[in-house]
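Only the coordinates and a few stated rules stand behind these numbers; no lab work does. Given the structure is predicted, the values throughout are model-derived calculations rather than measurements. Quick reminder, even Gly has a Cβ in these numbers, built from the backbone with ideal geometry, and neighbours come from all protein chains shown.
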Amino acid sequence: MIHEKRFSQVTRIDTIMADADARGWGPIAALAQLTAVLFQGRRRSFPDGRVGRARKLWDLRPRPRGNRDRVLLALLHSPAHIVHLRRSAAFREGYGTVVAWIIDSFRDDYPLRRAEYAGIDLICIIRRDELAHYRRHLGDRVMALNWGADVLGAGSDAGERPVDLLRIGRQPEAWQDDSATERVAAEHGLRFAGRPPLVPDLLENQRRVMAAYAATKFVIAHTNLASTDAYTHRVKEYITGRWTDALACGATVAGIQPKNDDSFRRLFWPGATLDFDRIDLRHNMQALAEAVAAWTPGQARRNHLMALERLDWRHGLKRIAETVSAGSPALDADLAEIARRTQTAPAC
């Protein structure tokens with residue numbers, strides 16, 4: 001277990017993640033940016049191309065340790081990205097502490113090898129569901145966090161929402177055609193918006209997505225078991241940034257929900273989601289029409305406030321900071337503001 005006194009002087013955290021502009025990773029790019037701002041660090045990147053066996057073996061050599069006042073937080077897409085982190089120049093630059101935060105911790109197609117995590121002082125995973133598995137292989141330096149959002153900085157509780165229903169991201173076949181969905185929505189008196197156009201810059205794309213969430217009452221998102229793809233898990237179901245970002249912006253998430261996900265059961269609240277009992281466009285649209293008719297601006301305010309209390313990335317960053325004894329007056333001020341808003345908010 002990490003001993004806090006070892007890192008008592010840490011004040012700066014740099015972040016590093018894959019340099020590929022991967023679709024869907026805007027929320028993690030935003031997390032990297034938020035961390036850099038709060039901890040006066042810089043954003044770095046590493047290439048994620050194929051790594052040969054000889055290079056993997058060479059990269060297992062011990063990393064140099066240096067300035068205790070510098071921390072490197074690696075945001076890894078999956079366990080497989082540990083080899084790319086080890087290959088990076090940043091890993092060898094003498095950071096006092098290296099933290100690896102594995103986002104798609106549900107991925108079990110890459111083995112957890114203790115040797116590959118040598119020199120990693122703290123390992124964070126996005127899902128508590130895999131905590132026992134990771135600790136069995138990597139020891140008690142593993143911490144479970146959860147998906148979050150920049151609720152304080154980029155969220156919204158706006159009551160004026162011109163869109164009733166927004167589609168973003170992967171969908172099952174029945175919901176895949178935005179033109180067909182728009183026609184059925186119109187038949188039910190609903191205003192539908194299709195996916196916003198993608199732009200190459202991850203942070204700009206994320207800003208546009210958050211603006212779209214803030215303009216809608218409901219966002220369509222189904223469990224990955226109902227809308228599979230090559231990169232999704234076939235058995236485990238889980239929430240993603242679509243849920244947390246939408247809730248941060250006050251929208252309710254509608255669809256077949258990932259009820260077996262620990263974060264869904266533990267962190268979400270009544271009204272956070274509208275659960276469908278089947279995938280059927282017209283049947284689902286009727287349920288949405290009834291929900292929109294009953295919707296009030298108070299629903300958006302409640303979603304935003306609950307997201308502030310439970311889903312803001314700052315809560316997870318504070319746990320990391322406390323574990324490695326990193327200080328950030330800006331983070332503490334933001335958390336105090338979150339506490340003030342959630343404790344003084346009127347009932348919705």
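So what's the back-of-envelope 222 nm ellipticity for the chain, counting only DSSP H runs of four-plus at -39500 (n - 2.57) apiece and dividing by all residues, rounded to 500?
Result for the chain, helices only: -11000 deg cm²/dmol.
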What are the extents of the Cα atoms of segment 251-348 along their three principal axes, in Å, largest first? 53, 31, 16
Kirkwood hydrodynamic radius for segment 42-99: how many Å is it when counted over pairs of different Cα atoms? 12.0
Just one of (i) 5, 21, 29, 23, 14, 6, 2, 0, 0; (ii) 5, 24, 34, 26, 10, 1, 0; (iii) 5, 25, 33, 23, 11, 3, 0 is P(r) over Cα pairs in 10 Å bins from 0, in percent as worked out from the coordinates here. Which one is it? (iii)
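Which of GLU204, GLU182 has the fewest other C-beta atoms within 10 Å, and how do the rest follow up to the most? Display every interim value, and only then the final one.
Numbers: GLU204 12, GLU182 17.
With the sparsest Cβ surroundings first, the list reads GLU204, GLU182.
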Normalised radius of gyration for segment 64-139, please: alpha carbon Rg relative to 2.2 N^0.38 Å, two decimal places. 1.06
How large is ³J(HN,Hα), in whole Hz, for each residue of segment 94-102 in order, when computed from phi with the Karplus curve 6.51 cos²θ - 1.76 cosθ + 1.60 and θ = phi - 60°, using x for Gly and Pro? x, 5, x, 9, 10, 10, 10, 10, 8
Could you give P(r) for segment 151-308, binned at 10 Å from zero, as whole percent values over all Cα-Cα pairs? 11, 42, 39, 8
